[in-house]
Amino acid sequence: SLKLLTINIRGIMSSTENSETLIVNQWLPSNTEHPANDQVFLDHAHREKRRFRAVSSKGKKVDVFLERANVLSIGDQLLSDCGQYLSIVGAEEPVITASTDNWQLFSRACYHLGNRHVRLQVGEQWLRITPDHVLEALLHRLGLTVSNENAVFNPEAGAYDTGQQEQGSHGHHH
């Protein structure tokens, strides 16, 4: 069953504008040069789903049914059956951000998290993960400065993730 994703709605819309449900079956990559009619704010977990329900920034209900489990990237678009283009925007969510000015410590932290197959976002001497008390303690023990905050989480795609894999493929040839 579909679950309603609650997002921050910017502005107040009339009830007649909110009654329309957009049905989406098509994903378009971020290099699509079509102006968006509306936006959908999604956390990283919803950007990885192929079926979900959301509410657009203009207050329209959006039901998404994608054929393949594409990971939606920030800036990608969804095309509704009625021709509306919706831009994907990252929603803030609880995250752990760890940082250091020591490249060796930073490299060790990335190694240990990668060794555990943890989804992470990497910046210049900072990294971001979803909340996990065991990993938070590991980052503290390694000597990084760790903080809990709300931010957009945009994790690395992964070594074998091309975004458009055929079913059963794992992204490289043998």
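Can you bin the stretch 90-144 into rounded, prolate or oblate? Criterion: square roots of the alpha carbon gyration tensor eigenvalues sorted a ≥ b ≥ c, rounded for a/c under 1.5, prolate for a/b above b/c, oblate for the rest.
Prolate.
Simple spin-label model, 7 Å along Cα-to-Cβ: Cys110 to Ile23 in nm?
4.5 nm
Multiply the residue separation of Ala137 and Asn154 by 0.36 nm, subtract the distance between their alpha-carbon atoms, and state the gained length in nm to one decimal.
3.9 nm
Rank by packing, highest mean first: peptides 59-67, 140-148, with packing defined as the count of other Cβ atoms within 10 Å averaged across residues.
59-67, 140-148
Could you sort 125-132, 92-99 so that the peptide with the highest average Cβ count within 10 Å comes first and the rest follow in order?
Answer by packing, highest mean first, reads 92-99, 125-132.
Along the stretch 80-87, what does the Karplus equation 6.51 cos²θ - 1.76 cosθ + 1.60 (θ = phi - 60°) give for ³J(HN,Hα), rounded to whole Hz, x for Gly and Pro?
Using θ = phi - 60°, the values come out as 7, 4, 8, x, 7, 9, 10, 8 Hz.
Amide H to amide H under 5 Å from Gln26: which residues, 5+ apart in sequence or cross-chain, H placed 1.01 Å off N in plane?
Long-range HN contacts for Gln26: Leu79.
For the stretch 41-115, what D do you get in µm² per second when you plug the Kirkwood radius from alpha-carbon pairs into Stokes-Einstein at 20 °C and 1.002 mPa s?
Rounded to a whole number, D works out at 145 µm²/s.
Between Arg51 and Asp101, what is the FRET efficiency for a Förster distance of 41 Å, r being their Cβ-Cβ separation, to the nearest 0.05?
Plugging the Cβ-Cβ distance into 1/(1 + (r/R0)^6) gives 0.45.
Which distance in nm do the two modelled labels at Ser73 and Val89 give, with both placed 7 Å along the Cα-to-Cβ direction?
Inter-label distance under the simple model: 2.0 nm.
Using 7 Å Cα-to-Cβ label points, what is the Asp63/Trp126 separation (nm, one decimal)?
If labels sit at Asp63 and Trp126, their model points lie 4.0 nm apart.
Rule-based calculations on the coordinates, nothing more; no lab input. As the structure is a prediction and not an experimental result, all values here were calculated from the model. Glycine gets a Cβ as well: all are built from the backbone with ideal geometry, and neighbour counts include every protein chain shown.
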